[in-house]
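Working notes, structure below.
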Amino acid sequence: MAFTPYDWQQTLRQKADYVEDRLREGSPIVGLSCHEGILLVTVRRAHQQKIFEIYDRLAFAGLGNQSDLETIRQLAVDFAHAEGFARSPQDVSIQRVVGVALSPAMKRSFSDPLRLPLVVRGLFAQLGDTPDSDLFYLLNYDGEFSLTYRFGVAAGTERAREMMERVLVEFTKKVPKRDAALEKALEAWAVGRHEASSALEWRAVLSEALKTGMVEAAFLERVSRRERRFRFLSDQELKPFLPR
Amino acid sequence: MSYGDFAKLLEAYGMPDSVWDIRPRQLAAGEDRTHGQCANGVWAHGTTVIAVKFDKGVLNVADRRATAGNAIFYEEAEKILKLDDETLIAIAGSYAAAFEAVRFLQHSFKYYARSQLQELSLEGKLSEVSRVLSRSLPGALQGIGGFLPIVSAFDREKHEGRIFFYDVMGARFESREFGAAGSGAERIRGAFEYIVRTKGPFHTMTLEAALRETLLLLEIAASLDTATGGIHHHLPLAKTVTAEGVADVPEELLRSLQKTLLKE
């Protein structure tokens with residue numbers, strides 16, 4: 001049987017529908033620049049890590065299938081370390097990791113009718129010397145990516161993403177301190193989650209989500225004596241910002 | 001799939017270990033590159049690096065001179081390097097091989113932690129150093145790529161600083177109190193024993209006391225070994241590894257001790 005251009009288009013559409021269906025319920029990701037560094041925040045089910053260290057100044061967070069997140073994460077870590085050693089750590093940039101290493105491979109995989117699509121939407125963050133040079137890349141399951149400054153969000157639906165962006169656009173016109181940024185990130189998360197929740201107000205959405213899940217927040221520290229600037233915020237650091 | 005093995009990753013990326021390893025090569029007739037060889041077949045070029053314990057962890061001190069044959073090549077060499085936030089390496093020997101090995105190890109530890117989502121154990125790190133050394137053996141045997149490291153780490157399980165030294169083939173030994181490498185180190189070995197027996201073990205000393213002893217040892221090494229820089233013209237490099245991780249010894253402390261020792 002011949003495989004016509006119509007079939008090909010149909011396959012892509014079905015693949016996209018398949019992925020979008022599975023992403024819809026995913027827990028949003030918020031990335032936010034602050035004076036002290038970059039925050040990445042989400043709410044996860046108990047044992048499924050969603051935020052990862054990629055390289056010295058790079059982090060990744062995503063929603064979707066855990067196995068697909070792993071695929072993307074490992075590709076990114078492998079590429080970053082091989083390049084960082086062959087050239088120098090300064091030559092490993094988010095642009096190269098996302099634009100060169102990941103995006104074309106994901107595009108090829110998505111357009112191959114015989115392959116299962118990756119169910120993943122990822123947010124990459126690169127820490128700069130100042131908040132103005134922090135970068136966020138949103139990478140979609142079909143390999144498309146876009147760059148944003150000051151903040152980046154990834155959500156299950158387009159609508160949720162827009163609503164989250166609305167919360168953050170005004171707020172990020174001035175660079176916030178870390179505490180304020182963390183609070184706002186949780187609000188943005190809850191606003192993005194709102195569609196999938198029965199609660200009306202953002203704090204209630206967050207409370208409801210925390211009955212079965214937990215806040216995962218990672219921090220890329222701008223000024224640090226440590227080689228590795230990525231770390232998770234401890235329960236103690238998070239506690240003051242969570243609903244009782 | 002590399003399972004966190006950085007050497008395998010480089011291979012998969014078309015960068016086999018020849019990138020960081022000096023491969024064996026047939027020497028031309030009459031060619032001899034063994035001028036850096038020291039006594040007892042240990043390959044140690046001109047330098048003195050010292051690691052001693054103190055009450056909070058391990059202190060590393062090194063002179064800053066790099067030599068090429070009889071010439072002083074550089075007076076600001078850094079021979080104590082951070083492998084990660086909790087591990088120091090002090091190197092003596094071929095700079096090219098040592099620096100490539102250190103770069104490899106730094107990436108290797110980070111790669112393991114990030115790809116496997118768990119930290120590499122101290123034992124794992126020490127084995128990786130052995131592996132790198134055994135791979136650089138062909139270079140060492142030709143007299144062009146040998147180096148000897150001293151690794152200092154803070155053991156979180158035992159809650160104490162630990163010092164490890166290696167032979168050129170990668171065999172690892174743990175030292176109770178001190179370790180030293182380089183051409184100057186051989187000449188001051190007995191002095192370490194003398195200090196331990198007369199002033200007590202290094203691990204009971206404060207940082208300042210341990211630093212004073214090691215700077216003096218470095219100065220003695222410099223007076224016996226032309227390839228060791230000493231403390232006269234250039235401030236030696238001094239770093240510590242403690243429960244808080246790796247840190248530089250404050251410059252003011254180094255300067256004040258340098259001043260006192262030079263007066264004595």
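The values are calculated or read from the model by the stated rules, or taken from the named source; none is laboratory data. What you see is a predicted model, and the numbers here were worked out from it, not measured in a lab. Here the Cβ is made from the backbone with ideal geometry for all residues, glycine too, and neighbour counts use every protein chain on show.
Observations
Rundown of residues vs (1) farther than 24 Å from B:A227 by Cα; (2) within 14 Å of chain A (Cβ to nearest Cβ); (3) at pLDDT below 90, yes/no style:
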site	(1), (2), (3)
B:G4	yes, yes, no
B:A7	yes, yes, no
B:G30	yes, no, yes
B:A39	no, no, yes
B:T47	no, no, yes
B:T67	no, no, yes
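- With respect to (1) within 27 Å of B:K56 (Cα to Cα); (2) more than 13 Å from the chain's Cα centre (by Cα); (3) surrounded by 15 or more Cβ atoms within 10 Å (Cβ to Cβ); (4) not hydrophobic (A, V, I, L, M, F, W, C), the lone exception for B:Y111 is condition (1).
- Single residue of segment A:198-225 satisfying the filter (within 14 Å of chain B (Cβ to nearest Cβ) and in contact with a strand residue (DSSP E or B) (Cβ under 7 Å, 6 or more places away or on another chain)) that is farthest from B:S108 (Cα to Cα): A:E216
- Yes/no for A:L114 being modelled with pLDDT of 95 or more and aliphatic (A, V, I, L, M): no
- Output for segment A:76-106, where each listed residue is of a type outside the set (V, I, T) and within 10 Å of chain B (Cβ to nearest Cβ): A:A76, A:D78, A:F79, A:A80, A:H81, A:A82, A:E83, A:G84, A:F85, A:A86, A:S88, A:P89
- Conditions (1) under 20 Å from A:R228 (Cβ atoms); (2) among the hydrophobic types (A, V, I, L, M, F, W, C); (3) in contact with a Ser or Thr (Cβ under 9 Å, 6 or more places away or on another chain); (4) in contact (Cβ under 8 Å) with a residue 60 or more places away in the chain: number failed by A:V77: (4)
- Strands (runs of 3 or more DSSP E) lying entirely in segment B:156-245 (those with 3 or more residues that are within 26 Å of B:L133 (Cα to Cα) and not hydrophobic (A, V, I, L, M, F, W, C)): B:160-166, B:172-175, B:237-242
- Tallying residues that are surrounded by fewer than 24 Cβ atoms within 10 Å (Cβ to Cβ) and part of a strand (DSSP E or B) within segment A:22-33 yields 0.
- Tally of residues being within 10 Å of chain B (Cβ to nearest Cβ) and part of a strand (DSSP E or B) across segment A:45-57: 4
- Screening segment B:199-226 for residues that are at pLDDT 95 or above and of a type in the set (S, T, N, Q) and picking the one that is farthest from B:L59 (Cα to Cα) gives B:T204.
- Residues in segment B:227-241 that are in contact with a Ser or Thr (Cβ under 6 Å, 6 or more places away or on another chain) and modelled with pLDDT under 95 were compared, and the one that is surrounded by the most Cβ atoms within 10 Å (Cβ to Cβ) is B:T228.
- The number of residues in segment B:138-167 that are among the polar types (S, T, N, Q) and farther than 22 Å from B:V241 by Cβ comes to 1.
Okay, residues lined up against (1) without any contact (Cβ under 8 Å) to a residue 40 or more places away in the chain; (2) away from chain A (no Cβ under 14 Å); (3) closer than 28 Å to A:R225 by Cα:
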{"residue": "B:M205", "(1), (2), (3)": "no, yes, yes"}
{"residue": "B:L211", "(1), (2), (3)": "no, yes, yes"}
{"residue": "B:L215", "(1), (2), (3)": "no, yes, yes"}
{"residue": "B:L237", "(1), (2), (3)": "no, yes, yes"}
{"residue": "B:S256", "(1), (2), (3)": "yes, yes, yes"}
{"residue": "B:L261", "(1), (2), (3)": "no, yes, no"}
{"residue": "B:E264", "(1), (2), (3)": "yes, yes, no"}
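- Any hit, segment A:140-151, residues being part of a helix (DSSP H, G or I) and either β-branched (V, I, T) or touching a Cys at 6+ places or on another chain (Cβ under 8 Å) (or both): no
- Among residues of segment B:52-68 that are aromatic (F, W, Y), those with a Cβ under 9 angstrom from a residue that is in a loop (DSSP other than H, G, I, E, B), sequence gap 6+ or separate chain, pair up as B:F54/B:M205; B:F54/B:T206.
- Extreme residue, farthest from B:S108 (Cα to Cα), among residues of segment A:62-75 that are away from chain B (no Cβ under 14 Å) and crowded, with 23+ Cβ neighbours inside 10 Å: A:L63
- The selection criterion, being loosely packed, with under 14 Cβ neighbours inside 10 Å, more than 19 Å from the chain's Cα centre (by Cα) and within 14 Å of chain A (Cβ to nearest Cβ), holds for B:E244.
- Some residue of segment B:93-107 being under 12 Å from the mean Cα position of the chain (by Cα), at pLDDT 95 or above and more than 12 Å from chain A (Cβ to nearest Cβ): no
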